[in-house]
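The next block holds one structure in the form of structure tokens; read it before the comments.
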């Protein structure tokens, strides 16, 4: 007589501590800088407004932690059957595990199976067959996403049409301040002169396209 068995579970998980500073977006940082907690009296007013504008009005800013982390889920299912006759016993099982981690692009999936057959071949001999198989697929968090763990939420992750227009206008504001004789804080240098991209990154903010990866130098942060 065959006997069937099933065992399964499901669970959820979340990042247990949230970095409050990392959750702040660019506009919130600008608001903080405008409070009495910081003494900015010795900073040139025009330069201060320019710097605060670069944070306060930056469009399409993404909270890095909210973007990176999610609620993780895991489900596991195991099904087995035993049976046979007086001379033959059979055990077979299959299992499935699916886990999605708390970080983007973090996942693990596994299928496994097992088969055991034992037989009495008369009074003197016994025979057995055992088979096991597993197939799994693991998705690791890519290095470029891991790098975002060190980033603050002061810009988008990927450029949009609005963010491209913003950095180009910000560079024009920088040039206007330089033309007015304000030469501190490297205002005489264009954003493009501080290019620090890699690989196929555009070397000029005027060549940016929506979907390009955002870099600090494109915002004049060098």
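Here, each number is a calculation from the coordinates, and none is a lab measurement. Everything quoted here is computed from the prediction, not taken from an experiment. Neighbour counts are summed over all protein chains in view; Cβ atoms, including those assigned to glycine, are modelled from backbone coordinates with ideal geometry.
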If you average the alpha carbon positions of region 124-163 and of region 67-118, how far apart do those two centres end up, in angstrom?
18
Stretched out fully, how many nm does the piece from residue 127 to residue 73 gain, at 0.36 nm a residue minus the Cα gap?
15.2 nm
Region 82-145, relative contact order in percent, only Cα pairs under 8 angstrom and at least six apart counted
31
Here region 72-112 gives, from Cα atoms, an Rg and Dmax in Å of 16.0, 53
Would you mind calculating the relative contact order of the chain from Cα pairs under 8 angstrom and at least 6 residues apart, reporting the percent as a whole number?
20
If the elastic network links every pair of Cα atoms under 10 Å, which of 162, 172, 185 fluctuates the most in the Gaussian network model of the chain?
185
For region 175-222, max minus min Cα coordinate along each principal axis, in Å, sorted largest first?
35, 16, 12
Between residue 150 and residue 110, what FRET efficiency follows from the Cβ-Cβ distance if R0 is 41 Å, with the result rounded to 0.05?
0.85
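In percent, how large is the relative contact order of region 91-222, given Cα pairs closer than 8 Å and 6 or more residues apart?
On the way: 170 pairs, mean separation 24.5, N = 132.
RCO, region 91-222: 19 percent.
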Rounded if a/c is under 1.5, else prolate if a/b is larger than b/c, else oblate: which is region 26-122, with a ≥ b ≥ c the root eigenvalues of its Cα gyration tensor?
prolate
Which value, in Å to one decimal place, does the Kirkwood hydrodynamic radius take for the chain when every pair of different Cα atoms is included?
22.6
Computed E for residue 87/residue 7 - FRET, C-beta separation, R0 30 angstrom, nearest 0.05:
0.55
For residue 136 and residue 97, compute 0.36 nm times the residue count separating them, minus their Cα-Cα distance, and round to one decimal in nm.
13.1 nm
Checking a compactness column here: for region 91-222, what do you get for Rg(Cα) / (2.2 N^0.38 Å), N being the number of residues?
2.07
Go ahead and run the numbers for FRET between residue 39 and residue 16, Cβ-Cβ distance against an R0 of 30 Å, rounding to 0.05.
0.25
